[in-house]
Structures are given as C-alpha cells and as structure tokens.
1. Looking only at region 443-453, how many residues end up being surrounded by 21 or more Cβ atoms within 10 Å (Cβ to Cβ) and part of a helix (DSSP H, G or I)?
2. Under 25 Å from Lys590 (Cα atoms) and at pLDDT 85 or above - does that describe any residue in region 566-574?
3. What's the number of the only condition in (1) on the phi < 0 side of the Ramachandran plot; (2) within 28 Å of the chain's Cα centre (by Cα) that Gly105 fails to meet?
4. From the list Gly278, Gly270, Gly260, pick out the single residue that is among the small types (Gly, Ala, Ser), touching an Asp or Glu at 6+ places or on another chain (Cβ under 7 Å) and in the same structural domain as Val410 (by TED's automatic domain parsing).
5. Tally up the residues in region 164-187 that are under 22 Å from Asp446 (Cα atoms) and either at pLDDT below 85 or outside any helix (DSSP H, G or I) (or both), please.
6. Looking at (1) at pLDDT below 80; (2) of a type in the set (A, V, I, L, M, F, W, C); (3) in contact with a Gly (Cβ under 9 Å, 6 or more places away or on another chain); (4) buried (at least 16 other Cβ atoms within 10 Å of the Cβ), can you tell me which one Ala530 breaks?
7. Of all residues in region 613-625 being among the aliphatic types (A, V, I, L, M) and surrounded by fewer than 20 Cβ atoms within 10 Å (Cβ to Cβ), which is modelled with the highest pLDDT?
Amino acid sequence: MDIIFLCIIIFLFLLAIFDLSVGVSNDAVNFLNSAIGSKAAPLKRVLIVASIGVFIGAAMSNGMMDIARHGIFRPEQFSFYDLVCIFMAVMVTDIILLDVFNTLGLPTSTTVSMVFELLGATFVVSIIKMASDTTGLAFNDLLNTEKALSVILGIFLSVAIAFVFGMLVQFLARMLFTFNYRRRLKWNIGIFGGICITAIVYFLIIKGAKDLTFMTPAVKEWINTHTAIILTICFISFTLLMQLLHILKVNVLKVIVLTGTFALAIAFAGNDLVNFIGVPLTGLSSYMDYSANGAGDYNGFLMSSLNGPSNTSLWFLIGAGVIMVVSLATSKKAQKVSQTEVGLGSQAGGDEMFGSSRIARTLVRKTVAVAEAVERITPPKVRRWFNKRFNADETIMENGAAFDLIRGSVNLVLAGALIALGTSLKLPLSTTFVTFMVAMGTSLADRAWGRESAVFRITGVMSVIGGWFLTAGVAFIGAGILVLAMHFGGHWVMLLLACATIAIIIRSNRRFSKKNKEEKADTAFHDILATTDKSKVWPLFLSYINSNQQRFLIFAQQNFLAVTESFRKESLSGLNRAERDLREAKKLLKADRRKETLCLRHLPRPLAIEKSTWFYLGNNCCMSMLYNLRRIAEVCKEHTQSNLNPLPEEYADDFDLICTEVSILLNDTIDLLNAFDPSGADYIRSHCEQLKYRISDIYHRLYASIRDDSPSAMSVLYVYLNMLQETRELISSNRSFLRSAAKLRDNNYTGHPAENAPLAVAPV
C-alpha cells in the first residue's frame, strides 16, 4: 500500500508541473501587460526581464507553505488518507479550472482558486468525518473559514479601490503630461521617475521580498523602523538619477515600466509559488511522516506534524523557477490572457471580443446623460482647457502599442503601491485583481472608453469580474465532487483522475494551438490596425473584405447543397450538422463585421463615409443569406425529424436543377470577387433575375396544383414551398450583394443589368 501512496505523491508532483505551467500562463498578465501594451521594449526583452524576476523570486522564496499545510484545515483532525484525497482533488481541479480560464483568455486569481479548492475538498471530507464521528466534532474543529472570508473581502476591496485610484491617478498624470507628453518631460520627468521608482522599491520591500530568504525577522523589523528614511533617500537618489538619464537621452518611462515589470515578477514568484507547489510539497511531507510513524494505518494516522513550519529544499524552488520561466517564455495561452486586458484598455480600440450586454448599455446611457448634464453647467473656458489637456489626437505611442508609456508607468507603479499599502495595512488585496482594475481605471481616465466602445469594454470588465466569483464557486464545488469520488473510490480513482487530467490538458493545448494558428492567419486585420499610413489602409481593407466575403459565400454554397441533399436523403445527422455550422457561421459573421467596422474607422474620414453605406449593405446581404439558409434547414430538419413523407421524385428533379443553378450562381459570385469587373457583376445580376423568375414559375405551378395532391403529401409540399421561397430570397440577397460589392469598389457603377446577358446557369 505504501508503494501506491508513493505513486500518488509522484503524481502530485507531475500535476504540479502542469499546474505551474497553467498558473503562470494566467498570472503572467499581472506583470507583463503594461510592458506589452505600451511597447516599452520588444517582447523578447520584456520576457527576459520578467523571467529573471520570476526566477529570482522563486529561487529566493523561503517556501512558506502555511496555507497548504494548516491555513484552511486543522491537520490534527485529519488522517493521512483524508489529506491525500484532498490534495489530489485540489490539484486536479486547479489544473482544469485554470486551463479553462486560459483558453477563454480570462485572467483570474490562483490564490482564490487554491483557497476555495482546499476549502471545498476539506468541507466534503469534514462532513464525511462528522457523519461517522461520535466525539462531537464540529466545523470549527475541522475548518478555518477566516481565510476564505478574507479572500472574498479581497475581491470587493481590490475591485473598488484599484479602479477608483487608477482613474484618479491617471487623471492627474494626464493633466500633468497630456497625451503629447514629450513636450513636458524636461523637468517633470526627474520627479515623476523618482516617485515611480521609489514606489516600486517600496512595493518590492514590503510585498515582493517579504518572503525571500534574506528577509529575517530582524531585517523586517529594521525596515519597518526606518521606512520613512529609506523612502526619502530613495526618492532623492532616484529623482537625480532619472533626471540624469533624461539628459543622456535615455527614455525614463521605459526604464520605469521595465523596472515595475521586474518587481511584480519577483513578487509573483515569491508569494504565489505556494499556489502551485504548496500542495504537492505538503503531500510529500505528509507521506514522509506517515512512512516513519504511521505503521501502515493510513486511515487512523493523524497529520499533527503539519502544524509545524515547512523546510522547503532549495532544489524544489529552483526547479519550480525553471518551469515557471519556460512556461512564461513559451505559453501561447499567457499571450491570449494578456490580450484580453490589453484589448479592454486599448486607446485606439481593437477586437471587442465580449460583445454587448443590457446592463452595459443601460449604464453607458445613464453615464452619457450625466456627462452631458455636467458639460452643460461647466463654463466654456474650463471645458476648452480640459479638452486641450485630454486631446487624444496628440497621443504619442510606440508603433503597434495599445496605450502610451505614461499609462503603462501609472499601471505598474499604482498597482505595486496599492498592493504594498494593502499588505502593510493587513488588507487582503489580490495582485491579479488590483493590476487588472487599475488598468481599467486608467483606461477610463484616458477616455479610451468612448461611446463607440464603452458598452463592449464594460461588458468585458463585468465578464472578468464575474469570472473571479465563478472561480471561487467552481473551485469549491469541483474539488468537493472530486474528493468525494476519490474518498470512496480509493487510490485507483485518484490515479485514474490524475491521468485523465493530464490527457485533458494535452488535448486542450493541442486544440488551442490549432485555433491559435487559425487566428494568426488573420494577419490582415492586425496589419490594418497597425498601419499608420492612411493611404495604405484602403487596399488592405478591400483585400480583407474580399477574403471574408469569399469565405462566407463558399460556406453558403456548401451549406445550401448539404441541406438540400440531406433533406432529399432524409439524413437527420446531415441536417443537424448543417444547423450547427449555421450557428457557428452567424458568430463568425458577426465577428467579421465587428473587425471590419474597426478597420473602416482607420480609413480617411471622407473615404470611410463614402464607402460605409455599401460596406454595411454587403454585410447585411450576407446576414440575410444566412437567415435564408437557417430557415430552410430548420423546416427540413423538423420534417425529417418527424419521419414524414419524403419529397416526391417529380418535384425533386425540378429542385435538383434549381440547386445546381444556385450553386453555379454563387460560384460565379465567388470568382468575380477575385478580380472584380463591374460588367461581370451586371451579367451575374441578370442571371439572378432569370433564376428568380424560374423559381417563381415553379412556385406558382406547385401552389396551383397542391389542392389536387393527396393529403399525405401536403406536409412535404409545404416544406418544398418554403424551400423555393427562401431560395428565391437568397438569390435576391445575392443580387443586392453584387451591387454593394460593385459600388464599394467603383463609385461610378450604375447597377443596370446588361441586356442580352448570356446564360451562366443551366436552362430548365
């Protein structure tokens, strides 16, 4: 039996490797986003700076694992077997939960997940123990709920404090420097840099280095006694140094951002390491105590030894540091999570991935009304002065940056200062929550949340905050369910779930890698947003629209044939598949429209106004064609699902010809988009009219003869009528699409079909 438990402990460490990887992928946003968003340095250099900080923080951590050892449960009341079940459930839940958030690109807190996983698993085991106990055990004897309450309090405090202070401090910073900050750096930068670096050092001492090996109680006491002197000396020294660097033509703002990134990376690795390796190390300590003193009684041997301090080997810390650094440098999911925060705080707008919500729309409407009321009572001179200080058209950003270096500096410095202050005041402020909400507050102060994007930004922020609370709930319930299965299923269930978890993560990474490659293929969108030369935007935009429209038309052609063929063959699986594809196509079409609209805004304003009508008309035509296909598929599926009569052959033959002609028509439209010729659009539009007349003729003949058919055939004929009608509307939408496509490319296009156009479709 001891061998089996040893295998379980080895599995715990194997799971810890995966946990380190997914944990770093999510928490990396805490210290990477400001540097990445402001383009303070190339990505490789940012990762090098962060990696050095992560490794130092991990290697010099003293490995205090109190939360995992006795912070949530009282180990003297739990047997070795109880704790093994708890630890396995926590690790499995943590890996899967964090990987899901990484895949969705949502930042969350590893501390919240670990605490509530321990709490959920321990809660279930406590119920089991109390059910079989005769000594009167209560929850207070088994659980320590104070930590969970402090974490929940930390969420609310972090959201409110970080957002408000981020907004206020960024407002003051922008008032001082404006968006054209280079004109005001001559003497201000030394003082600003001195304040920033001093705040970073304060954060590093109070929060980042508090758990490192050299921070003995005596050192901590000396720092607490001389804090004011240390900060004063730092401020004077760094002010002079920053001013000197500015004179030497060094970009002080980049120095601030990279220094802040380094400090936050050290703090992350030094303080959050317990979230990833605390549980397996505690499991190893438990196993060693059980092997030495347990006498094989794994159900009766209590783990009182965990009340003592932990002594973590330096090799474990170095190994963890190496894994964290490798994960930081290679994880694509870390970049996706980072893109979420950067996108929500972007000055110029980006792909608004969260869409809109009713709450966000209502909130924006009310806020706009209040803002307009305030503007009416504000004196004109004051308004002009504020507008001059907050003229975003003068923004100075690095090429491809989401925001400028002023905001990047404020994000890092303020987040560090608030976390350090919260630590000194015993306020449970989360690093993840603070850094995210500070970034949102600063972006609001910078007027990045304009009326065009505010709804999407607010929806995104609410989604992320909701995810934090969801993390706590899912972690609690998930760990509870798994520990129940493991407790009663025994060690084989533990090993099975561990193997299943590893398989899930490997499969998830493969699917994510495939999806990431597909997204990277969409380079045109990012090229358009990154292009500063307005004259180059239109050709790129036109090519981008061409590609998206062709992809949709190819899908429409394939789906139309798939639906009609499945209906003819009474293939319910084919109709189900077509219906699923249509739902996904709707999401994709909306996403394309959102991206194309963002690209449209990058055109010169006169050109954007001129082309917008035809752009939106073309998109509406595509959406109309999609709805036509959905209505055909829904009716066909309902008929087939009910096992009603198939379409009679005499009608099926006619419709087969129609399907062929529609397919040829759509194919001609696709070919036309490759090398657009207005005269070709006229030919195809005339073919659309011809095909519509043929379908109308078939429709009316069928309608006239339907009363003569047998009652049993009526239901399928009604379906056939619907198919004809929707096909005719689809062709009409395609005809309108061709006009919009021609006008988008050529303003002189009249849209009059050519006379005597040759047939491009098979004659009936």
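The values are calculated or read from the model by the stated rules, or taken from the named source; none is laboratory data. Model, not experiment: these values are computed from the prediction. Positions of Cβ are generated from backbone atoms using ideal geometry, with glycine treated the same way; all protein chains shown enter the neighbour counts.
1. 2
2. Initial filter on region 566-574 (under 25 Å from Lys590 (Cα atoms)): 574.
Right, trim to at pLDDT 85 or above and you get 574.
Yes: one or more hits.
3. (1)
4. Working: Gly278 fails: touching an Asp or Glu at 6+ places or on another chain (Cβ under 7 Å); Gly260 fails: touching an Asp or Glu at 6+ places or on another chain (Cβ under 7 Å).
None of the others qualify; the one that does is Gly270.
5. Initially, region 164-187 is screened for residues under 22 Å from Asp446 (Cα atoms), giving 164-185.
Now narrow it down to the ones that are either at pLDDT below 85 or outside any helix (DSSP H, G or I) (or both): 178-185.
So the count comes out to 8.
6. (4)
7. Going residue by residue through region 613-625, those that are among the aliphatic types (A, V, I, L, M) are 617, 623, 625.
Imposing the further condition that a residue be surrounded by fewer than 20 Cβ atoms within 10 Å (Cβ to Cβ) reduces the set to 617, 623.
Numbers: Leu617: 91, Met623: 94.
Checking each candidate, the answer is Met623.
Conditions tested, residue by residue: (1) touching a Phe, Trp or Tyr at 6+ places or on another chain (Cβ under 8 Å); (2) among the aromatic types (Phe, Trp, Tyr); (3) not assigned by TED's automatic domain parsing to the domain that holds Ala652.
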{"residue": "Met486", "(1), (2), (3)": "no, no, yes"}
{"residue": "Gly489", "(1), (2), (3)": "no, no, yes"}
{"residue": "Thr501", "(1), (2), (3)": "yes, no, yes"}
{"residue": "Lys515", "(1), (2), (3)": "no, no, yes"}
{"residue": "Trp538", "(1), (2), (3)": "no, yes, no"}
{"residue": "Gln557", "(1), (2), (3)": "no, no, no"}
{"residue": "Ser573", "(1), (2), (3)": "no, no, no"}
{"residue": "Asp581", "(1), (2), (3)": "yes, no, no"}
{"residue": "Arg593", "(1), (2), (3)": "no, no, no"}
